[in-house]
Amino acid sequence: MNKNTKKLVGVALFTAIVVVLQLLGSFIKFGPFSVSLVLIPIVVGTALYGIGAGVWLGIAFGVTVLASGDASAFLAVNVPGTIITVLAKGAAAGLLAGAVYKLLEKKNKTLATVCAAIACPIGNTGVFLLGCALFFMPTIEGWAAGLGMESAGTYMITTLVGFNFIFEMLVNIILSPIIVRLIGLGKKEIKA
């Protein structure tokens with residue numbers, strides 16, 4: 001199999017993993033929060049297949065979020081703002097993870113993977129918060145007030161992203177380098 005075919009098949013496989021993990025993610029709970037494991041295949045896919053693959057996987061994540069109804073609370077408020085935010089946050093997660101990995105991979109692949117695993121949720125969450133500020137601030141202020149919070153910013157950090165962001169980052173930091181290493185070992189074993 002030639003290199004382009006292997007890359008196409010690999011990216012397609014990671015796309016399927018992203019879709020399945022996003023669809024199953026709503027059933028995985030850690031306390032009251034849904035846990036998203038979908039950033040792991042984005043990090044691993046971008047490490048194996050490059051920045052373009054990471055952006056593609058991030059967009060696939062965003063499309064799945066929109067199709068699954070996970071963004072329904074925001075879609076009810078502002079459809080174009082939701083679509084822009086959800087697709088941009090996924091693309092940013094893949095782009096940032098890929099750029100960080102590419103910058104560091106020649107020095108140390110494990111370090112590159114760990115740093116990409118940190119960058120991925122930062123890109124995802126950062127663009128989400130920016131989208132909230134640009135498209136949904138009056139609604140978020142209302143949600144915050146409904147919970148007795150004076151600051152919409154505090155609500156955004158503590159309620160919308162807080163625990164999930166920390167959990168996603170920790171899971172990414174632990175699992176992504178392990179998966180990349182296992183795939184590398186598997187490739188060596190196949191060649192032997």
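The values are calculated or read from the model by the stated rules, or taken from the named source; none is laboratory data. In this text the structure is predicted, and so the values were computed from the model without any measurement. So basically every Cβ, Gly included, is an ideal-geometry build from the backbone, and we count neighbours across all protein chains shown.
List the residue pairs whose Cβ atoms are under 6 Å apart, where the first residue sits in segment 59-75 and is of a type outside the set (Lys, Arg), the second is at pLDDT below 95 and part of a loop (DSSP other than H, G, I, E, B), and the two are 6 or more positions apart or on different chains.
Note: pairs meeting the criteria are PHE61/VAL38; VAL65/ALA71.
Give, as residue ranges, the helices (runs of 4 or more DSSP H) completely inside segment 1-90 that count at least 1 residues that are touching a strand residue (DSSP E or B) at 6+ places or on another chain (Cβ under 7 Å).
Helices (runs of 4 or more DSSP H) meeting the threshold: 3-25.
Which residue is farthest from the chain's Cα centre (by Cα), if the candidates are limited to segment 107-152 and must be surrounded by 14 or more Cβ atoms within 10 Å (Cβ to Cβ) and outside any helix (DSSP H, G or I)?
That would be MET149.
Can you tell me which residue among GLY81, GLY54, GLY69, GLY50 is on the phi > 0 side of the Ramachandran plot and surrounded by 14 or more Cβ atoms within 10 Å (Cβ to Cβ)? Step through it out loud before you land on a result.
Working: GLY81 fails: on the phi > 0 side of the Ramachandran plot; GLY54 fails: on the phi > 0 side of the Ramachandran plot; GLY69 fails: surrounded by 14 or more Cβ atoms within 10 Å (Cβ to Cβ).
One residue alone meets the criteria, GLY50.
For segment 46-69, which residues satisfy the criterion of being at pLDDT below 95, within 17 Å of CYS115 (Cβ to Cβ) and touching a helix residue (DSSP H, G or I) at 6+ places or on another chain (Cβ under 6 Å)?
The answer is THR46, ALA47.
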